[in-house]
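Trainee: Below: one structure in structure tokens.
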Amino acid sequence: MIVRKGTAAMTAGGIAMVVAVFVMTLAIAQGFRQTLVVSGSPQNAIVLRKSATAETVSAVLRSDVPIVEALPQVARGPDGRPLSSSELVVIIALPRQSDNQPANVPARGVGPKAFEVRDNLKVVDGRRFAPGTREINVGKAAVGRFKGLTLGSTVKFGSATWNVVGIFTADDAAFESEVWGDVDLMMPAFQRDGYQSMTVKLADPSMFESFNATVTGDPRLYLEAQREQDYYAEQSRALTTVIRVFGTFVTLILAIGAVFGAMNTMYAAVAYRTREIGTLRALGFSGSRIVAAFLAESMALALVGGVLGCLLALPVHGMSTGTTNFSSFSEVAFKFRITPALLAGGLIFSVVMGAVGGLLPAIRAARIPVARALREI
Amino acid sequence: MALIDLRDVTKSYRRDQIEIPVLDGVTITVDGGDFLGLMGPSGSGKSTLLNLLAGIDRPTRGSIRIGEVEISRLSERALAGWRARHIGFIFQLYNLIPVLTAFENVELPLLLTSLSKKQRRDHVMTALGIVGLGDREKHYPRQLSGGQEQRVAIARAIVTDPTLLLADEPTGDLDAKSAGEVLTLLQRLNQEFKKTIVMVTHDPHAAERAARLLHLEKGTLVEQVKVGA
Ligand SMILES: Nc1ncnc2c1ncn2[C@@H]1O[C@H](COP(=O)(O)OP(=O)(O)OP(=O)(O)O)[C@@H](O)[C@H]1O
Ligand SMILES: [Mg+2]
């Protein structure tokens with residue numbers, strides 16, 4: 001009996017591990033996706049070169065900017081100027097605070113209206129950079145992760161030295177992992193001549209279709225527009241897919257082990273209770289009832305493991321981590337996101353493992369000839 | 001018509017290609033309300049015979065009719081249902097489920113019926129009352145003496161009011177005093193409640209309580225002694 005308790009605990013533990021891994025990997029995928037999805041606003045459109053899949057492989061000519069900004073669908077600020085930010089994204093290498101190894105950090109040169117276009121951005125420490133100066137703002141998620149990215153310090157990249165004058169948040173969006181400065185100063189610092197993208201605030205979200213039609217239809221432009229939300233969702237796809245596939249693979253391998261563990265425990269339970277099974281059969285319980293009883297036991301045991309696994313995984317919720325975003329090859333910080341649906345999925349998964357592991361032992365239990373079962377001591 | 005009609009029943013087991021004959025052409029009839037004792041040396045096939053009567057095992061040849069039903073023709077599933085309604089089985093080692101209380105153990109066979117919770121409770125308490133353990137419903141088997149455990153097992157066997165009580169050495173593991181109590185109980189079930197009982201036993205004292213005695217020797221009925229009932 002003590003031995004049986006041991007194997008039962010091990011089985012539950014094994015299933016707990018699987019469920020924890022399952023929930024955590026999906027929480028990563030979920031969190032990463034969330035980070036990129038909130039980066040987009042429904043009212044914003046991002047303009048890229050035709051068929052460019054990311055800002056890094058796009059180009060917007062200086063001469064394109066006034067044409068796009070003049071379009072009637074673009075919202076205007078109180079000063080009558082278009083709410084649009086022409087931007088350049090360059091990848092800079094900065095040593096990580098943790099291991100001093102260089103990592104890719106996206107630096108975004110933005111226009112003077114950038115903070116009006118991205119209205120989820122808030123400077124929480126210091127102030128906005130002043131246009132025309134070598135001042136920069138740093139996203140909260142990048143602060144402390146890389147050397148030099150703290151308020152008041154200076155950092156060298158491109159052919160210049162920059163002063164960090166403010167820290168901003170962006171509702172966990174990918175921007176929080178970026179460094180922002182004046183695009184007109186970043187361009188020469190990186191020997192560029194031209195932008196990569198334009199992000200515009202539309203007067204109304206419903207105007208996107210006509211805005212895009214106008215941009216793509218204009219013979220002077222070789223550009224197209226995407227809803228900012230669609231763009232960032234697409235950016236997250238490659239990595240979330242990889243995380244999901246990898247997570248599924250690891251989970252599956254662990255699950256096979258856990259199922260065999262459950263099977264072992266249940267075979268032991270059947271052997272241990274052979275006489276009990278015989279007794280129940282002698283009282284008139286049918287074979288299918290015996291199968292159901294052992295399946296229920298196996299599933300209950302697995303569910304205990306599942307609950308344990310969820311509890312194990314739960315503390316990582318909200319914990320932040322960083323990864324290289326495949327579509328920009330730079331570091332994006334994001335938080336693990338464990339949703340109720342994810343936990344429910346983990347629990348269902350544990351019960352399924354219990355059912356699969358318990359099935360064969362349960363069938364064996366029902367197949368033992370009653371007379372023989374009763375002879376067991 | 002006799003309640004049990006066992007006709008020319010043969011049973012053999014196969015072990016490593018060798019046929020082990022256990023019962024060889026046994027014919028027995030038992031009337032309703034009988035208390036039949038079944039004696040014989042170890043390995044003579046007493047338990048096997050009892051299992052055949054309970055539909056737990058199947059004869060190699062021959063027919064077994066109990067009441068209106070030819071049980072050797074029933075499917076496994078039908079047999080289980082039939083057993084639940086007609087058979088009360090009492091084991092030498094009581095076979096109570098250790099994690100269930102006396103009440104829950106006795107209630108087990110009723111879970112196969114359509115009785116309500118309240119009706120089940122009434123039945124269980126009646127059965128426990130008959131065996132004199134109405135105050136032990138919340139006890140677990142390990143908190144009971146052997147004699148008490150066997151009485152709980154008897155309550156479990158009678159709670160569905162079965163046609164036939166089958167007991168396989170019900171006193172085999174008990175001291176003389178407890179054995180006496182259990183036998184008195186069985187006798188009372190036979191005489192007062194008109195239960196038909198077939199009891200296997202090694203113990204001559206136990207055998208004395210039966211109204212009728214059969215001897216099984218090497219798979220055949222060799223002797224039939226009527227004891228004065
Ligand atoms: N399932 C089985 N498989 C093989 N042989 C069996 C099986 N059940 C019983 N036997 C054999 O049949 C013979 C009779 O067994 P049974 O249990 O009926 O004897 P018994 O009269 O009840 O003996 P005891 O007094 O020791 O309980 C024995 O030789 C036993 O080994
Ligand atoms: Mg026996």
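The values are calculated or read from the model by the stated rules, or taken from the named source; none is laboratory data. Note that the structure is a prediction, hence the values are computed from the model and not measured. Cβ placement follows ideal geometry from the backbone for every residue including glycine, while neighbour counts extend to all protein chains displayed.
Trainee: Of the residues that sit in region B:43-77 and are within 15 Å of ligand 1 (Cβ to nearest atom), among the hydrophobic types (A, V, I, L, M, F, W, C) and in contact (Cβ under 8 Å) with a residue 40 or more places away in the chain, which one is surrounded by the fewest Cβ atoms within 10 Å (Cβ to Cβ)?
Mentor: In this case the residue turns out to be B:Leu50.
Trainee: Step by step: first the residues of region B:19-42, then only those that are more than 16 Å from ligand 1 (Cβ to nearest atom), among the β-branched types (Val, Ile, Thr) and under 11 Å from B:Ala2 (Cβ atoms), then the one that is nearest to the other protein chains (Cβ to nearest Cβ). Which residue is that?
Mentor: Looking at the filtered set, the residue picked out is B:Val30.
Trainee: Do any residues in region A:43-65 that are over 16 Å from A:Val89 (Cβ atoms) have Cβ atoms under 9 Å from those of residues that are polar (S, T, N, Q) and surrounded by fewer than 16 Cβ atoms within 10 Å (Cβ to Cβ), where the two are at least six apart or on different chains, and which pairs are they?
Mentor: A:Lys50/A:Thr216
Every residue, every condition in (1) surrounded by fewer than 20 Cβ atoms within 10 Å (Cβ to Cβ); (2) within 23 Å of A:Val19 (Cα to Cα); (3) β-branched (Val, Ile, Thr), yes or no:
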{"residue": "A:Ala258", "(1), (2), (3)": "no, yes, no"}
{"residue": "A:Asn264", "(1), (2), (3)": "yes, yes, no"}
{"residue": "A:Tyr272", "(1), (2), (3)": "yes, no, no"}
{"residue": "A:Thr279", "(1), (2), (3)": "no, no, yes"}
{"residue": "A:Ser288", "(1), (2), (3)": "yes, no, no"}
{"residue": "A:Val291", "(1), (2), (3)": "yes, no, yes"}
{"residue": "A:Ser298", "(1), (2), (3)": "no, yes, no"}
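Condition check ((1) buried (at least 22 other Cβ atoms within 10 Å of the Cβ); (2) closer than 19 Å to A:Ser197 by Cα) across all residues:
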position: A:Val89; (1), (2): no, yes
position: A:Val110; (1), (2): yes, yes
position: A:Lys140; (1), (2): no, no
position: A:Arg145; (1), (2): no, no
position: A:Leu151; (1), (2): no, no
position: A:Val155; (1), (2): no, no
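Trainee: So, one more: Checking the condition among the small types (Gly, Ala, Ser), in a strand (DSSP E or B), buried (at least 19 other Cβ atoms within 10 Å of the Cβ) and touching a residue at least 24 places away in the same chain (Cβ under 8 Å), which residue from B:Ala167, B:Ala153 passes?
Mentor: Just one listed residue meets the conditions, B:Ala167.
Trainee: Further, regarding this structure: Can you tell me which of (1) within 12 Å of chain A (Cβ to nearest Cβ); (2) touching a helix residue (DSSP H, G or I) at 6+ places or on another chain (Cβ under 7 Å) is the one B:Arg120 doesn't meet?
Mentor: Exception for B:Arg120: condition (1).
Trainee: Same structure again: Could you check region B:8-26 and list, in sequence order, the residues that are surrounded by fewer than 16 Cβ atoms within 10 Å (Cβ to Cβ) and within 12 Å of B:Arg61 (Cβ to Cβ)?
Mentor: We begin by selecting, within region B:8-26, every residue surrounded by fewer than 16 Cβ atoms within 10 Å (Cβ to Cβ); these are B:8, B:10, B:13-21, B:25.
The answer is B:Asp8, B:Thr10, B:Pro21, B:Gly25.
Trainee: Looking at region A:354-377, which of the residues that are within 16 Å of ligand 2 (Cβ to nearest atom) and in a helix (DSSP H, G or I) is farthest from A:Ala8 (Cα to Cα)?
Mentor: Across region A:354-377, the extreme among qualifying residues is A:Ala371.
Trainee: Out of the residues in region A:351-377 meeting the condition of being near ligand 1 (Cβ under 10 Å from one of its atoms) and not aliphatic (A, V, I, L, M), tell me which one is modelled with the highest pLDDT.
Mentor: That would be A:Pro369.
Trainee: Of all residues in region B:125-147, which are surrounded by fewer than 16 Cβ atoms within 10 Å (Cβ to Cβ), assigned to a loop (DSSP other than H, G, I, E, B) and not charged (D, E, K, R)?
Mentor: Residues satisfying the conditions are B:Gly132, B:Ser145.
Trainee: Scan the helices (runs of 4 or more DSSP H) fully inside region B:1-115 and keep the ones with 1 or more residues being within 16 Å of ligand 2 (Cβ to nearest atom).
Mentor: B:46-54
Trainee: I'd like the full set of residues that are among the β-branched types (Val, Ile, Thr) and farther than 30 Å from A:Asn100 by Cβ, limited to region A:110-156.
Mentor: Passing the criteria: only A:Val117.
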